[in-house]
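Notes follow once the structure below has been shown.
Each reported figure results from applying straightforward, stated rules to the coordinates on display, with no laboratory input. Quantities reported herein were computed from a predicted structural model and do not represent experimental measurements. Positions of Cβ are backbone-derived with ideal geometry, glycine not excepted, and every protein chain shown enters the neighbour counts.
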Amino acid sequence: MAGATSVPAAEGAVTLRDGRSLAYAEWGDLTGTPVILFHGMPNSRLLCPDEEATRAACVRLITMDRPGYGQSDPKPNRTLLDWVDDFAEFSDLLELPPCPVVGWSSGGPYAMACGARLPGRVKMIGLAASDGPLDEVPGAWDELSPEVRGLIELLRRDRPSAVGAITKRCGWYADDPAYVPDSLRGQDNPDWVLFGQQPAIFEAWKHGRREGARQGVVGYVADWIAEFLPWGFSVADVGCPAHVWWGQADMLVSRAETEYLARTIPRSTLVTYPNEAHLVPFTHWAEILAPLL
């Protein structure tokens with residue numbers, strides 16, 4: 001039984017140089033080896049995939065709300081590379097040593113940005129069911145729905161006009177943060193089956209999502225825009241070792257994205273799981289932590 005939880009061992013916040021507050025939570029062994037986990041889109045700091053495995057590995061897991069989520073102040077027009085600066089300042093304030101960074105889902109691009117720009121501070125990155133760069137993955141544009149492709153094209157042509165449309169598209173998150181679309185429900189999706197078999201995972205996931213919507217959709221919209229604009233770096237620039245994990249039944253992240261990351265990041269390894277999907281951190285957290293330590 002996995003030990004997923006949304007109740008941290010400790011919480012806090014730091015004040016960055018520009019006056020913004022950045023909220024964080026800690027899990028596991030608070031005297032252990034620091035490991036950072038960047039949450040997906042949308043979500044929040046209040047989610048640990050497996051508290052028992054974290055503690056058993058003697059890991060001090062640290063999670064953060066990205067700007068606009070949970071209790072972290074928004075940052076207008078933020079980019080993936082802006083997060084690199086926030087993370088570097090956060091690390092200084094907590095006096096963290098160089099440590100591994102794990103990005104789950106849309107947290108992956110932020111982990112890669114840190115791996116590309118902060119190789120001395122980030123020992124290693126882990127990418128669990130991570131999105132890949134739209135402008136690099138072959139065929140990625142062709143896989144987009146007409147609606148999403150139209151929004152991205154508008155965003156790149158006329159950002160002010162696109163923001164309203166993107167905000168409207170993301171509006172469901174403020175109304176029902178734990179909403180699971182019909183396309184992800186059913187026995188053909190291992191994630192939905194896992195939620196049914198292990199309600200504690202579903203409850204922790206829902207709580208983390210609700211906390212992320214504390215300020216409405218501002219964090220979600222900022223993430224959406226940052227991920228679908230050009231990233232400002234290539235994944236080939238990642239200067240530290242990387243481990244990539246992916247479930248072969250993932251309905252949110254494609255095989256093409258995953259294989260591109262594993263092929264293009266210079267020092268990377270790839271592990272895939274048959275009959276699993278987007279929730280691989282919850283079912284394989286001990287395996288994810290092991291090579292990072």
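Computed from backbone phi, the HN-Hα couplings of region 215-222 come to 9, x, 9, 4, x, 4, 4, 4 Hz, rounded to whole numbers (Karplus: 6.51 cos²θ - 1.76 cosθ + 1.60, θ = phi - 60°; Gly and Pro given as x). Along region 114-126 the Karplus relation, 6.51 cos²θ - 1.76 cosθ + 1.60 evaluated at θ = phi - 60°, assigns HN-Hα couplings of 5, x, 7, 9, 10, x, x, 9, 9, 5, 6, 10, x Hz to successive residues, with x for each Gly and Pro. Residues within the reach of a label modelled at Asp92 (point 7 angstrom out along Cα to beta-carbon, backbone nitrogen below 15 Å), restricted to region 17-58, are 17-20.
Sites listed here are chymotrypsin sites (Phe, Trp or Tyr not before Pro) in region 130-183 whose DSSP assignment is loop and whose Cβ has at most 13 other Cβ atoms within 10 Å: Tyr179. Once R0 is set to 22 Å, what does the formula 1/(1 + (r/R0)^6) return for the Cβ-Cβ distance between Trp141 and Ser183, expressed as a FRET efficiency to the nearest 0.05? Once rounded, the FRET efficiency stands at 0.60. Positive contributions from Lys and Arg (+1) and negative ones from Asp and Glu (-1), summed over other residues with Cβ under 15 Å from the Cβ of His207, come out at -1. For the peptides 78-86, 277-285, the ranking by mean Cβ contacts within 10 Å, running from highest to lowest, is 277-285, 78-86. The modelled label-to-label distance between Leu293 and Leu30, using points 7 Å beyond Cα along the C-beta direction, is 2.0 nm. Annotation: extensible slack from Ala174 through Glu203 equals 8.6 nm (criterion: 0.36 nm per residue apart, minus Cα-Cα distance).
To the nearest 20 debye, what charge dipole does region 10-292 have about its Cα centre, counting +1 at the Cβ of each Lys and Arg and -1 at the Cβ of each Asp and Glu? Magnitude of the dipole: close to 420 debye. Each Cα pair under 8 Å and six or more residues apart adds its sequence gap; the mean of these over the residue count of region 10-292 is a relative contact order of 23 percent. The fewest-to-most ranking of Trp231, Trp192 by surrounding Cβ atoms within 10 Å reads Trp192, Trp231.
For Met64, Met41, the sequence from fewest to most other C-beta atoms within 10 Å is Met41, Met64. Taking amide H as placed 1.01 Å from N in the peptide plane, Lys75 has its amide H under 5 Å from the amide H of Gly68, each at least 5 places away in sequence or on another chain. Amide H to amide H distances under 5 Å link Leu127 with Gly103, His243, Val244, Trp245, where only residues 5 or more positions off or on other chains count and H is placed in the peptide plane.
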